[in-house]
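Undergrad: The structure's right below; bear with me while I get my questions together.
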Amino acid sequence: MLALCASHAVHAEDDPCQNANTTLEINDCKQQQFDAKDKQLNQIYRELLQKLQANESQGGNPGVKDKPSTLLIQAQRKWIAFRDADCNTKYQIYLDGSIRNMVYLGCKIERTAQRIKELDPKLW
């Protein structure tokens, strides 16, 4: 039980929205967090796409039917659809509560942070 409380306290210290007092303040803070993560994701995605395209232009992956850059674009579009559907499901679960937007944005922040790790160009 003590470990659970300590873990929760650490999360609270890391949460830039911890000082938000109203639902509107929390939602605004979460939206800002998501916007920042989304911007970071777009930057990482562009870097990886450029890396793949540069490799292709240098003759990398000869004989490959589908270019990796094309496959990445398709995968990213499908990932966005997945993220949105997944988080919309959570929104619908809490539709009648004032927590719905916080849950929805929290989901999008979490999914986006994970995708940033997955698309890190250093790992490709």
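Where a number appears in this text, it was derived from the coordinates with a stated rule and is not lab data. Please read all numbers here as calculations on a predicted model, not as lab measurements. Neighbour counts run over all protein chains shown; Cβ positions are idealised from the backbone, glycine included.
Undergrad: For an R0 of 25 angstrom, estimate the FRET efficiency from the Cβ-Cβ distance between Leu24 and Asp84 and round to the nearest 0.05. Please list the in-between numbers first.
TA: Details: r = 23 Å, r/R0 = 0.92.
With a Förster radius of 25 Å, E is 0.60.
Undergrad: For the chain, what is the calculated [θ] at 222 nm in deg cm²/dmol (nearest 500), taking -39500 (n - 2.57) for each run of four or more DSSP H residues and dividing by its residue count? Spell out each step's value before the answer.
TA: Numbers: 4 runs with 93 residues, N = 124.
Computed mean residue ellipticity for the chain: -26500 deg cm²/dmol.
Undergrad: Here are several values of Kirkwood radius over Cα pairs in Å: [x] 16.8; [y] 14.9; [z] 15.6. Which one was derived from the coordinates shown?
TA: Working out Kirkwood radius over Cα pairs in Å from the coordinates points to [x].
Undergrad: Calculated FRET efficiency, Ala75 and Lys122, Cβ-Cβ r, R0 30 Å, to nearest 0.05? Intermediate results must be reported in sequence, preceding the final value.
TA: Numbers: r = 18 Å, r/R0 = 0.61.
With a Förster radius of 30 Å, E is 0.95.
Undergrad: Give the calculated FRET efficiency between Asn55 and Gln114 to the nearest 0.05, with a Förster radius of 22 Å applied to their Cβ-Cβ distance. Could you put the intermediate results ahead of the total?
TA: Working: r = 25 Å, r/R0 = 1.12.
Computed FRET efficiency for Asn55 and Gln114: 0.35.
Undergrad: Which lysines, on any chain, are close to Lys108 with Cα under 22 Å apart, when same-chain ones fewer than 8 places away are left out?
TA: Lys30, Lys37, Lys39, Lys78, Lys90, Lys117
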